[in-house]
Number of protein chains: 2
Amino acid sequence: MKKNVTILDVAKQAGVSKTTVSRYLNGHFGNMSSETKERIRQVIAELNYRPNKQAQALKSKRSYLIGVVVSDISNMYSSLLLKGIGEVLGEAGYQMIIMDAASSLEQEHDLLNKLTDQSVEGIILQASSRDASHYSHLKQANMPLILVDRDVEPSLFPLVTSDNIPSTQKIIEVILQKNYEQVVVVSEPLKDIVTRELRYAAAEELVVAAGRKIKLIEKTPEMDLTEPVVRLAASPLKTALFASNGRMLMELLTILVNEKIRIPEDIGITGFDDWNLSALVGPGITSIEQQSKQIGEEAAKMMLDYIQYGSCPVETKIIPTNIQLRHSL
Amino acid sequence: MKKNVTILDVAKQAGVSKTTVSRYLNGHFGNMSSETKERIRQVIAELNYRPNKQAQALKSKRSYLIGVVVSDISNMYSSLLLKGIGEVLGEAGYQMIIMDAASSLEQEHDLLNKLTDQSVEGIILQASSRDASHYSHLKQANMPLILVDRDVEPSLFPLVTSDNIPSTQKIIEVILQKNYEQVVVVSEPLKDIVTRELRYAAAEELVVAAGRKIKLIEKTPEMDLTEPVVRLAASPLKTALFASNGRMLMELLTILVNEKIRIPEDIGITGFDDWNLSALVGPGITSIEQQSKQIGEEAAKMMLDYIQYGSCPVETKIIPTNIQLRHSL
DNA sequence: ATGAAAGCGCTAACAG
DNA sequence: CTGTTAGCGCTTTCAT
């Protein structure tokens, strides 16, 4: 058994009181004599003492913990987001507790509570619901909350996200210029997530205005896209597929490759790419690359400010995307 | 300001003592009267009381926190690993504190200390060094430590990893059968990580035994692989590239695509694929798919056992890989 | 320039 | 069946 060395051990060994050691630890050298300082320093090194964070947190109400809830951790968007958040928080002496909502709203609710139990000082959330009422209790409890990727309605919280509408518009322009007669947006169900709807609405507006056809396929987990995609490729209308996120893009590409559908001869394809695979597939996939690492960094910075100043304007920070023009349209 | 409701508030409101409430919370109903139970239940619901984990941990020495240190979080291997760990731990009521060593050994050392400070009950580590002495203090401090992916020397800790040697051998067999005259292993520097060396050694042995040529390229961050790859593709010897992990595979594929080098006509390519992109690129890349989610699950299970029984055999658990035979060789 | 003492929110003997 | 009491390891008035 390993008896943990406490502040008292250090105090006794150094021949001072707990108070003095505590002061030393927190840099509250008032007029502490240099000898005392030196002695404490030595003893700490000697005993290999490390203050217990739980006790510190309990007393001082500072945990230096930030909760991060992502909707699916096994997703490149999340990985890079976490990388960005982690770097910024780490430098500031904060730790993150990461939770994976696994795309489940109930689980998310549970996790949010668990984070509060851990006395996190703030939460960065990729929300699983668009309904702000799911999160308003956090506001009431005075818990700093910063949204990433997805907004809620009404907009109660600061948000960091991609420039969804402009980037969708730009790529739709490309599609229209290439004389596609039909655009098929493939997305997970729109109703839960504002971002999805935003992207679809932006596409729809332009396509309709240009007098072309637009279709929406809302993909549920049970659904197999193979048959519809094959049919679209065979359609007499010149068709472009628009994947509304990285997972959809990957799924569509897999089908196209498996079915030996030629890009862009048989069908055009583009979309948001969280996976960074678009350069390598087929003729090179024209796609929208999100800066999710940067989104993470910005969100983390906002959080640090929030904590420092005790409040934060409810504003939206837009991180531009990179449009990669390649040869899939 | 939000005055937090404490166990004392509940106790007063319910007209009992803190002890009784504590007993209720921890399921230590001895012969607690049903009325008392019911009253406490009600008050808790009413006040929306949630026990403070820090205080619980401080007193009970149980934090229900597991530290996880990955060498690079923006990597599919890590993402899936974390997914697996998270699922298993979550079900058991544990939280994970995830840290990203960002491939830096000093940072790793720092993180390990920070985790101990947080009173984690155990650590799951993808080690950045092969040298066990970097981690032996954890053993002395009686901190449960489980290694994933990479072993250390000497083998002091339980390990969950892929079947590196057999899978490398199998794929080298394929290369040899296809009459490649030269195999070029592309890896990050071997010296730090046992797994890398294992993979290279396994390849080398078979290639040499078959009387073919083997070469090793150790890729450092500054190094540009384009020129060597182009030269290899132009070589009169029929050459196969073997990427020792997903990032290397991705990098090599990017070069091949950019330089319009044909696969497998100009050069063969295969390797470990952490990114799940091999099906989509070129003619389909023959590759070794690691089950990193399953590795995470197993490591988490081992950790739970370790914590429960206070010890764990220092044994290695091998998770089989899937060899995907496609058309890149 | 330093200490004594109180207490953060909780658990667990021990006592009835 | 329940309460009293003494801490866990730390920070922070208030003294001196």
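Structure values in brief
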quantity	calculated
Tally, over segment B:60-104, of residues that are over 16 Å from the mean Cα position of the chain (by Cα) and of a type in the set (A, V, I, L, M)	2
Test: residue in segment B:249-264 that is touching a Leu at 6+ places or on another chain (Cβ under 9 Å) and in a strand (DSSP E or B)	no
Residue satisfying all of: in segment A:52-72; crowded, with 20+ Cβ neighbours inside 10 Å and small (Gly, Ala, Ser); nearest to DNA strand C (Cβ to nearest atom) among these	A:Ala57
First in segment A:45-57 and more than 12 Å from A:Thr6 (Cβ to Cβ), second anywhere and among the β-branched types (Val, Ile, Thr) and not in a helix (DSSP H, G or I), Cβ under 9 Å, 6 or more apart	A:Asn48/A:Val5
Residue tally, condition hydrophobic (A, V, I, L, M, F, W, C) and either within 14 Å of chain B (Cβ to nearest Cβ) or buried (at least 24 other Cβ atoms within 10 Å of the Cβ) (or both), over segment A:230-247	4
Some residue of segment A:73-93 being touching a helix residue (DSSP H, G or I) at 6+ places or on another chain (Cβ under 6 Å), in contact (Cβ under 8 Å) with a residue 60 or more places away in the chain and within 16 Å of DNA strand D (Cβ to nearest atom)	no
Residue that is buried (at least 23 other Cβ atoms within 10 Å of the Cβ) and hydrophobic (A, V, I, L, M, F, W, C), where the choices are B:Ile285, B:Ile255, B:Ile307	B:Ile285
Segment A:1-27, residues that are near DNA strand D (Cβ under 7 Å from one of its atoms), free of Cβ contacts under 8 Å to residues at least 24 places away in the same chain and in a loop (DSSP other than H, G, I, E, B)	A:Asn26
Members of segment A:207-254 that are in contact with a strand residue (DSSP E or B) (Cβ under 9 Å, 6 or more places away or on another chain), among the small types (Gly, Ala, Ser) and more than 22 Å from A:Asn75 (Cα to Cα)	A:Ala233, A:Ser235, A:Ala240
Selection from segment B:1-46 of residues that are within 14 Å of chain A (Cβ to nearest Cβ) and within 11 Å of DNA strand C (Cβ to nearest atom)	B:Lys2, B:Lys3, B:Asn4, B:Val5, B:Thr6, B:Ile7, B:Leu25, B:Ile44
Residue in segment A:62-85 that is at the interface with another protein chain (Cβ under 7 Å from one of its Cβ atoms) and among the β-branched types (Val, Ile, Thr) present	yes
Residue list for segment B:276-328, restricted to those being hydrophobic (A, V, I, L, M, F, W, C), farther than 19 Å from B:Val152 by Cβ, in a helix (DSSP H, G or I) and within 14 Å of chain A (Cβ to nearest Cβ)	B:Ala300
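Listed here are the residues, each with its yes/no results for (1) closer than 26 Å to B:Ser74 by Cα; (2) not acidic (Asp, Glu).
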{"residue": "A:Lys18", "(1), (2)": "no, yes"}
{"residue": "A:Glu35", "(1), (2)": "no, no"}
{"residue": "A:Arg41", "(1), (2)": "no, yes"}
{"residue": "A:Ala57", "(1), (2)": "no, yes"}
{"residue": "A:Lys83", "(1), (2)": "yes, yes"}
{"residue": "A:Gly86", "(1), (2)": "yes, yes"}
{"residue": "A:Ile98", "(1), (2)": "yes, yes"}
{"residue": "A:Ser103", "(1), (2)": "yes, yes"}
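All of the numbers you see were taken from the coordinates with simple rules; none came from a lab. Predicted, not measured: the structure shown is a model, and the values here were computed from it. With ideal geometry, Cβ positions are generated from the backbone for all residues, glycine too; neighbour counts draw on all protein chains shown.
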